[in-house]
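Values in this text are rule-based calculations from the coordinates and carry no lab data. Keep in mind it's a predicted model, so treat the numbers as computed, not measured. So basically every Cβ, Gly included, is an ideal-geometry build from the backbone, and we count neighbours across all protein chains shown.
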């Protein structure tokens, strides 16, 4: 099983979408291995968005992600990275299909409700930014018996 990182951003938390979003991940068969509501620090934001530091939108990105509580998630399942990205939809909500989180709830690129890792390597890096090793749990996920051959 593959692990990925997802985050419900401040707009998703403030709009009371947390339960709805997590329900979509779980309905797909993804196991919640770690979850916490937290305030992202400037240090965590700098680590998370390091590849964007020279881009003009970087200061606004850091300001936004640190502006209110987020829900950080570690999700696990078959092809978890790809599955979460499909459930989230295109980064720009205008291009996101109806039925995806961003298509249904996103307003604009800067307020697109959720984040998801784009690769297994990014997932490992992002999980380490937001979770200590003992905060990511391994346990028998009983639905797996009914989800996979």
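For the peptides 120-127, 42-49, the ranking by mean Cβ contacts within 10 Å, running from highest to lowest, is 120-127, 42-49. In a fully extended conformation the segment linking residue 82 and residue 28 would gain 18.2 nm over its present Cα-Cα distance, using 0.36 nm per residue. Once you reduce the range 78-102 and the range 40-57 to the center of their Cα atoms, the two points are 22 Å from each other. Each label point was placed 7 Å from the Cα along the Cα-to-Cβ direction; for residue 51 and residue 144 their separation is 2.9 nm.
Counted by neighbouring Cβ atoms within 10 Å, the residues 105, 148 run from fewest to most as 148, 105.
Dividing the summed -39500 (n - 2.57) terms of all DSSP H runs of n ≥ 4 by the residue count of the chain sets its mean residue ellipticity at 222 nm at -10000 deg cm²/dmol.
Return the FRET efficiency for the residue pair residue 63, residue 136: r is the Cβ-Cβ distance, R0 is 22 Å, and the value is rounded to the nearest 0.05.
The formula returns an efficiency of 0.20 here.
Shown here are the Rg and Dmax of the Cα trace of the range 85-126, at 10.6, 30 Å. Per residue, the convex hull spanned by the Cα atoms of the chain amounts to 107 cubic angstrom. According to the square roots a ≥ b ≥ c of the eigenvalues of the Cα gyration tensor, what is the shape class of the range 13-75, taking rounded for a/c under 1.5, prolate for a/b larger than b/c otherwise, and oblate for the remainder? Judged from the Cα gyration tensor, the range 13-75 comes out prolate (a/c at least 1.5, a/b above b/c). Here the contact order of the chain, divided by its residue count and restricted to Cα pairs under 8 Å and six or more residues apart, works out to 36 percent.
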